[in-house]
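Derivation of every value follows stated rules applied to the coordinates shown; laboratory data play no part. Bear in mind that the values here come from a model prediction, so they are computed numbers and not experimental data. Heads up, the Cβs are rebuilt from the backbone with ideal geometry, glycines too, and the neighbour counts pull from every protein chain shown.
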Amino acid sequence: MADILTQIQDEMDQILNMMQRQMAHIRIHAPPSVPHGQQRVDTYAEIQANKAPDNTQTTTSQLTLAPSQPTHPEQLSPEQFEKDIKEFAQDIVFKQQQVEVLIAGLPGLNVSEEQQIERMKQLEKELEGLEGDRLEAVKEKELLLNKVEEKIMGVGRVR
């Protein structure tokens, strides 16, 4: 299990990826907004679709490098588009709540500086004890390794 900061970073990455995908969806499927007294302007998807026939002189290497996109994305009904927007918003709110839960689990919230310093001292003492145990285990391993090597060498001399 990753530490809390890594989990928060992963969640933030997921939120940003969700937002990027959602913005792309909105950019492609949003109906044009026509202000009063203005002409209708083509949507981004319509502009891209109109550019595709103009670029007929592409080489095969350019075709393989370019991602394949449909020339005319499917049109969504206004109701479906609004439903998608609401779903996107719910997804972002849910992810944001997950991040808040992780943040609430961070040490230091509702703990005084003195308590944090005392906890660090306790952990440091515990770490020193564990380091001593580790050094003893390393010495014991070396002794056992030397005994095994001596026994192996002794068997070789007997033959």
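Based on the Kirkwood radius over alpha-carbon pairs, what is the Stokes-Einstein translational diffusion coefficient of the stretch 112-159 at 10 °C with 1.306 mPa s viscosity, in µm²/s? Don't skip to the answer; put the middle values down first.
Numbers: Rh = 13.8 Å.
Answer, rounded: 115 µm²/s.
Where nothing but the Cβ of Lys and Arg (+1) and of Asp and Glu (-1) is charged, how large is the charge dipole of the chain around its Cα centre, in debye to the nearest 20?
Numbers: 17 positive and 27 negative charges, 143 e Å.
That gives a dipole near 680 debye.
Return the calculated 222 nm mean residue ellipticity for the chain, to the nearest 500 deg cm²/dmol, obtained by summing -39500 (n - 2.57) across DSSP H runs with n ≥ 4 and dividing by the residue count. It would help to have the intermediate numbers written out before the result.
Numbers: 5 runs with 116 residues, N = 159.
Dividing the helical sum by the residues of the chain leaves -25500 deg cm²/dmol.
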| remark: Residues whose built amide H sits under 5 Å from the amide H of residue 76, excluding neighbours closer than 5 in sequence, are none
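Want the number for residue 141 to residue 111: 0.36 nm per residue separation, take away the alpha-carbon distance, what's left? Walk me through the numbers on the way to the answer.
Numbers: separation 30, 0.36 × 30 = 10.80 nm, distance 4.20 nm.
6.6 nm is the gain from fully extending residue 141 to residue 111.
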| remark: Karplus ³J(HN,Hα) for the stretch 11-22 (6.51 cos²θ - 1.76 cosθ + 1.60, θ = phi - 60°; Hz, whole; x = Gly/Pro) runs 5, 5, 4, 5, 4, 5, 5, 4, 4, 5, 5, 5
| Which ³J(HN,Hα) values, rounded to whole Hz and listed in residue order, are derived for the stretch 95-107 from phi using the Karplus coefficients 6.51, -1.76 and 1.60 in 6.51 cos²θ - 1.76 cosθ + 1.60 with θ = phi - 60°, glycine and proline given as x? | 4, 4, 5, 4, 5, 4, 5, 5, 5, 5, x, 5, x
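For the chain, report the translational diffusion coefficient in µm²/s to the nearest whole number, using Stokes-Einstein at 25 °C, 0.890 mPa s, and a Kirkwood Rh over Cα pairs.
Details: Rh = 23.6 Å.
Value of D from the Cα-based Kirkwood radius: 104 µm²/s.
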| request: List the lysines whose Cα lies under 26 Å from the Cα of residue 83, skipping any in the same chain that are fewer than 8 positions away. | output: 95
| Candidate aspartates and glutamates for bridging to residue 141, where Cα separation is under 16 Å - those fewer than 8 sequence places away on the same chain excluded | 131, 133, 149, 150
